[in-house]
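S.K.: Before I ask anything, let me first share the structure, which is written out below as structure tokens.
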Amino acid sequence: MAAAASSLTIASSFSEPRTQIHSSKRSNFPLQYSIPYKADSRSRSKRLGLVVSSVSAPKVELRTGPDDLISSLLSKVANSDGGVTLSPEEHKEVAQVAGELQKYCVNEPVKCPLIFGDWDVVYCSRPTSPGGGYRSVIGRLFFRTKEMIQGIDSPDIVRNRVSFTALGFLDGDVSLTGKLKVLDSEWVQVIFDPPELKVGSLEFKYGFESEVKLRITYVDEKLRLGLGSRGSLFVFRRRQ
């Protein structure tokens, strides 16, 4: 997104129950008797297999369409600091759901008017892709990210902004403005001007122009997915 924007045996035993009946009254029946539990070995094996399967098999989420996939995806990336706190296995799960969701993408998404608007960057598979060094391991020690936003204005303007708190008390942000160029039915290229940094009352530009190529793999009224040329997966949620 920014200068570095380029870039988811359980052993089970069953004891046969024995039912014991005790009585304080005398009768012709014995005071204690047992009823053996008999079950057809075939049905018992089926039941055992069912129990083992239900416990040991990985959890499978039932999904019926894009709305279910979107809900699942957003729940997986929620409160993850844009993906920073997720484990490698959780990143794989995000990628799997995103892969399923892209099957519902419209044809030629770069021509879809739904790409325009303001979007929150709620996830990236590589922390430094949105925000560059500010989102690196060292950068996060000094800059606490508050928001990551991408705006796409018709016909071809892209605005990226990462707002943060520096050193725990200074509010600031780094922003990029670029021009979008359509490469084909799915891929776009954005050439960004040098970044602009604001910290407290200070405001200045630094660095050089940068470039990013992004493949739009899904877009609708709520969500947009992007895949960078170096494999970074982005999840954008439309701002309310």
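The values are calculated or read from the model by the stated rules, or taken from the named source; none is laboratory data. The shown structure was predicted, so the numbers you read here are calculated from the model rather than taken from an experiment. Neighbour counts run over all protein chains shown; Cβ positions are idealised from the backbone, glycine included. For accessibility, only protein heavy atoms count, side chains too; no ligands or nucleic acids. Shrake-Rupley method; radii C 1.70, N 1.55, O 1.52, S 1.80 Å.
S.K.: Give region 154-172 a look and list any residue that's acidic (D, E) and within 24 Å of V188 (Cβ to Cβ), or say none.
M.R.: Filtering region 154-172 for residues acidic (D, E) gives 156, 171.
Of everything in region 154-172, just one residue is acidic (D, E) and within 24 Å of V188 (Cβ to Cβ), namely D156.
S.K.: Considering (1) among the hydrophobic types (A, V, I, L, M, F, W, C); (2) modelled with pLDDT of 95 or more; (3) surrounded by 14 or more Cβ atoms within 10 Å (Cβ to Cβ), say which one V52 fails and leave the rest.
M.R.: With (1) among the hydrophobic types (A, V, I, L, M, F, W, C); (2) modelled with pLDDT of 95 or more; (3) surrounded by 14 or more Cβ atoms within 10 Å (Cβ to Cβ) applied to V52, the lone miss is (2).
S.K.: Let me ask another. Any chance region 184-192 includes a residue that's among the β-branched types (V, I, T), surrounded by 13 or more Cβ atoms within 10 Å (Cβ to Cβ), touching an Asp or Glu at 6+ places or on another chain (Cβ under 8 Å) and more than 17 Å from C124 (Cβ to Cβ)?
M.R.: Yes - at least one qualifying residue is present in region 184-192.
S.K.: Could you tell me whether any residue of region 131-146 is farther than 25 Å from A78 by Cα and touching a Pro at 6+ places or on another chain (Cβ under 9 Å)?
M.R.: No, that holds for no residue.
S.K.: Can you tell me how many residues in region 210-221 are surrounded by fewer than 21 Cβ atoms within 10 Å (Cβ to Cβ), touching a strand residue (DSSP E or B) at 6+ places or on another chain (Cβ under 6 Å) and not β-branched (V, I, T)?
M.R.: Qualifying residue count, region 210-221: 4.
S.K.: Go through region 160-217 and give me each residue that's in contact with a Pro (Cβ under 8 Å, 6 or more places away or on another chain) and among the aromatic types (F, W, Y).
M.R.: Y206, F208
S.K.: Filter region 227-240 for residues that are farther than 17 Å from S72 by Cα and not basic (K, R); which is most open to solvent (accessible area, probe 1.4 Å)? Steps first, answer last, please.
M.R.: Step one: list which residues in region 227-240 are farther than 17 Å from S72 by Cα, which gives 227-232, 239-240.
Going one step further and asking which of them are not basic (K, R), we end up with 227-229, 231-232, 240.
On the way: L227: 53, G228: 5, S229: 66, G231: 43, S232: 0, Q240: 215 Å².
Per the criteria, the residue is Q240.
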